[in-house]
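Here is the structure we will look at, set down as structure tokens.
The values are calculated or read from the model by the stated rules, or taken from the named source; none is laboratory data. This one's a predicted model, so the numbers in the text were calculated from it and none came from an experiment. All Cβ positions, even for glycine, are placed from backbone atoms using ideal geometry, and neighbour counts span all protein chains on display. For the accessible areas, the whole protein counts, side chains as well, though only heavy atoms, and no ligand, DNA or RNA atoms are used. Shrake-Rupley method; radii C 1.70, N 1.55, O 1.52, S 1.80 Å.
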Amino acid sequence: MPKRTRRRLVLLGLTLAALAVLIVLWPHANRSLTRQGAGGAPELSLVLAARDIEYCGPATPCGPGSRTDTIFYVRLLGNRAWVVAIPRDTYVEFNGYKGKINAVYGFEGARGLAQAVEQVLGLPVDHYAVLTLDLAARAVDAVGGVTVYLPDAMNYDDNAANLHIHIPAGRQHLGGEEAVGYMRFRGWVGDDLSRLDRIKEVVLQVLKRALSPANWPRVPGMVRDFWADMETDVDVGQVLALLPQLRGLELKTATLPTREEGVYLVFDDAMRRSFLAAFLGIDARPSVPPPEARVLVLDGSGAGLGAAYARGLERLALPAPEVRRIRLQEASKVLVDTALEAGGYYAEAVHLPLVSRFRLYYDADVVIVLGRDLVP
């Protein structure tokens, strides 16, 4: 693991325990926060970024750094949200700067970073929120922790940065500090891209837990607490006023596809257009012929839900999927690698979040994961 990783920050989008309120409530927000999108629905876009850490000396942090090593573009339309993770090594040319997008914040600030993301994606960005490291642990602890599944153990020690990650393989429930280590770890295949996959997984859990009825009474205090430590152009008062109007959220996440060129990650216009059309343009309905895809159902519910879901898909005139029962599982979701159109179709059909992964380790185009969270 490169020495520079000691200063990398994880996505504090996991602190969406606070931002979840904005995401879910925003259709009722002050109209100045939104514009009218397709079909008349209010539309909003924002950049969520996480600042790294500067060190004055061995194991001596000076405070938030000037790089944003995790960057998310979020588009909201009605009660639907699309989240695009932008790799930190993505090459950008902006206001005379040429280099990795994670350095733009240090030169141009939060608004400049938002404009750089606009340039990369060719999409408008209305607002921004830049977060710091300690918020990640606080957010995870605030919702009672997260449960993850590790195919292999995570072991890493960096005494200079006082970073020690030791998490056994298998199903683990992590508190805030452990969750930060889980997200910062870069020792597996895929390095930064696989790290983004883990971050997106935790985002889904934090959102789900934050928005559960059990946590509703705590949301106002959580919002005030987290907002005080965020750099954002969204006023907390506009959010707090909306708490009684919580609404459900459909969430899809993916990572901008890139290819390596030296120390940078790059993409061409055709690659970008194809990705955005497949991901942001998803509007699948069971009445429309589904894209051809190999579908696998992983049933970790412990209640035999896999067979019921397979029958339900058949009733929708979809091909019968393969069903496998497994013992250890993550939260329920629909996983894809590059088959975004098919994944979006099946996510709509079974009403589960769509997550694009860096790499799928299954012989399937679409994997429907059924976890214990589906069992009352």
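Overview of values
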{"quantity": "Positions within the range 252-280 being in a loop (DSSP other than H, G, I, E, B) and open to solvent by less than 30 Å² (accessible area, probe 1.4 Å), in sequence order", "calculated": "Leu256, Leu280"}
{"quantity": "Complete set of residues in the range 171-188 that are farther than 19 Å from Thr132 by Cα and open to solvent by 10 Å² or more (accessible area, probe 1.4 Å)", "calculated": "Arg171, Gln172, His173, Arg186, Gly187, Trp188"}
{"quantity": "Leu193 being open to solvent by 30 Å² or more (accessible area, probe 1.4 Å) and either over 30 Å from Gly109 (Cβ atoms) or of a type outside the set (Gly, Ala, Ser) (or both)", "calculated": "yes"}
{"quantity": "Condition broken by Asp157, with the remaining ones in (1) buried (at least 16 other Cβ atoms within 10 Å of the Cβ); (2) among the charged types (D, E, K, R); (3) assigned to a strand (DSSP E or B) satisfied", "calculated": "(1)"}
{"quantity": "Long-range neighbours under 9 Å by Cβ, at least six apart or interchain, first residue within 12 Å of Gln119 (Cα to Cα) within the range 83-106, second open to solvent by less than 20 Å² (accessible area, probe 1.4 Å) and of a type in the set (Lys, Arg)", "calculated": "Ile101/Arg88"}
{"quantity": "Scan of the range 300-349 for residues that are open to solvent by less than 40 Å² (accessible area, probe 1.4 Å), at pLDDT below 85 and closer than 19 Å to Gln205 by Cβ, ordered by number", "calculated": "Gln329, Ala331"}
{"quantity": "Matching residues, the range 108-148, being within 20 Å of Val84 (Cα to Cα), open to solvent by 30 Å² or more (accessible area, probe 1.4 Å) and within 17 Å of the chain's Cα centre (by Cα)", "calculated": "Tyr128"}
{"quantity": "Matching residues in the range 74-94 - criterion: being under 18 Å from Val130 (Cβ atoms) and among the polar types (S, T, N, Q)", "calculated": "Thr90"}
{"quantity": "Any hit, the range 102-125, residues being basic (Lys, Arg) and modelled with pLDDT of 90 or more", "calculated": "yes"}
{"quantity": "Count of residues meeting criterion [more than 13 Å from Lys252 (Cβ to Cβ) and hydrophobic (A, V, I, L, M, F, W, C)] in the range 321-341", "calculated": "5"}
{"quantity": "Residue ID - modelled with the highest pLDDT, chosen from residues in the range 47-84 that are open to solvent by less than 10 Å² (accessible area, probe 1.4 Å) and touching an Asp or Glu at 6+ places or on another chain (Cβ under 6 Å)", "calculated": "Asp69"}
{"quantity": "Every residue from the range 85-107 that is of a type in the set (D, E, K, R), touching a strand residue (DSSP E or B) at 6+ places or on another chain (Cβ under 6 Å) and either open to solvent by less than 10 Å² (accessible area, probe 1.4 Å) or part of a strand (DSSP E or B) (or both)", "calculated": "Arg88"}
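Each row is one residue, and each column tells you yes or no for (1) more than 25 Å from Gly371 (Cα to Cα); (2) out of contact with any Leu (no Cβ under 9 Å at 6 or more places or on another chain).
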| residue | (1), (2) |
| --- | --- |
| Gly145 | no, no |
| Val148 | no, no |
| Asp157 | yes, no |
| His164 | yes, yes |
| Ile167 | no, no |
| Gly175 | no, yes |
